[in-house]
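To start, the structure itself, in structure tokens.
The values are calculated or read from the model by the stated rules, or taken from the named source; none is laboratory data. If you're wondering where the values come from, they're calculated on a predicted model, not measured in any experiment. FYI the Cβ positions are ideal-geometry reconstructions off the backbone, even for glycines, and counts take in every protein chain you see. Just the protein is used for accessible areas: all its heavy atoms, side chains included, with ligands, DNA and RNA removed. Shrake-Rupley method; radii C 1.70, N 1.55, O 1.52, S 1.80 Å.
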Amino acid sequence: MRVPPALLLLASLAACGTMRAGEPHFTVITVDPLRERLQLFLNDEQGHPYKRLERVAAALDGRGQHLSFGMNAGMYHADYSPVGLFVADGVELSPLNLSPGKGNFFLRPNGVFLVSDAGAQVVESSAYPALAGKARLATQSGPMLLSNGVINPLFDPDSHSLHVRNGVCALDGKAVFVISEERVNFYQFARYFRDVLKCRDALYLDGSVSSLYSPALGRNDYRADLGPMIGVIAD
């Protein structure tokens with residue numbers, strides 16, 4: 001399978017030279033949404049949740065298309081519906097959620113990953129309404145890992161809450177998706193976005209369930225059934 005030039009696959013970025021021996025490894029997928037067809041997925045044509053990235057891939061194959069990259073893309077209820085904002089193909093299927101609550105989604109600040117004609121962005125949820133009319137796709141999650149280059153002050157560098165985690169930031173209009181290859185805490189994950197990727201704003205997507213689909217990397221992760229998912233469609 002040919003990998004589109006705008007879909008940059010970088011595995012275990014220790015090769016960047018900015019990581020130290022013994023530090024966690026990460027896989028990074030950079031997507032240019034102005035050149036690649038980045039799309040959110042939730043339900044199939046019968047209205048049933050896809051739940052698995054491989055089922056999204058199978059549905060696309062049936063239409064003569066291919067899923068060249070996929071990842072879980074936000075937190076969800078027991079029925080797999082989004083906890084917060086979900087906009088696909090310019091249509092809002094779930095509204096912005098600014099309510100208080102318990103769990104990672106509600107840690108402040110939480111945020112939104114969106115794509116508009118200007119490219120990809122990550123913003124705090126309170127800033128989204130001003131951008132809503134321009135969003136082609138948007139998914140809300142939490143907490144923000146970085147805000148204006150600062151690691152979320154709620155994170156403890158010595159925390160023993162370790163999970164495989166995934167998240168996203170935006171650089172020069174491109175979407176940068178990251179999944180850890182070993183269990184990390186929030187602070188380690190956020191530090192990678194700040195110190196290695198040089199992101200200013202980064203959003204946590206989830207942990208424990210974090211999954212990557214990439215034929216080019218030989219990946220078809222399955223840790224749990226999923227709600228919102230995101231991926232690149234190739235013809």
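With a/c under 1.5 counting as rounded, go ahead and sort the stretch 55-166 into rounded, prolate or oblate using the C-alpha gyration tensor (a ≥ b ≥ c being the square roots of the eigenvalues; past the cut-off, prolate if a/b is larger than b/c, else oblate). It comes out prolate by the Cα gyration axes. Using Cα positions and a limit of under 16 Å, work out the lysines in reach of LYS198, with same-chain residues fewer than 8 apart set aside. Counting by Cα, and skipping residues close in sequence, LYS198 has these lysines nearby: LYS174. Here the accessible area of the stretch 83-204 is 51 percent carbon and sulfur, with a 1.4 angstrom probe and all protein chains present.
GNM remark for the chain: springs join alpha carbons under 10 Å apart, and the peak mean-square fluctuation among ALA73, ALA57, ALA138 falls on ALA57.
Please state the shape class of the stretch 143-185: rounded when a/c is under 1.5, otherwise prolate if a/b exceeds b/c and oblate if not, all from the C-alpha gyration tensor. Oblate, because a/c is 1.5 or more while a/b does not exceed b/c.
Basic side chains Lys and Arg get +1 at the Cβ, acidic Asp and Glu get -1 at the Cβ, and with that the dipole of the chain about its Cα centre reaches some 260 debye. Considering only GLY101, GLY84, GLY207, the Gaussian network model of the chain with Cα springs below 10 Å gives its largest mean-square fluctuation to GLY101.
The overall shape of the chain is rounded: from the C-alpha gyration tensor, with semi-axes ordered a ≥ b ≥ c, the ratio a/c is less than 1.5. Once you reduce the stretch 68-109 and the stretch 142-188 to the center of their Cα atoms, the two points are 17 Å from each other.
Legend: Rg and Dmax of the stretch 116-235, from Cα coordinates, 14.6, 45 Å.
Mean sequence separation of contacting Cα pairs (under 8 Å, at least six apart), scaled by the length of the chain, corresponds to a relative contact order of 29 percent. Per residue, the accessible area of the chain comes to 45 Å², computed with a 1.4 Å probe over protein heavy atoms only. Can you give me the % of accessible surface on the stretch 24-82 that is carbon or sulfur? Probe 1.4 Å, all protein chains present, nothing else counted. Whole-percent figure for carbon plus sulfur exposure: 44.
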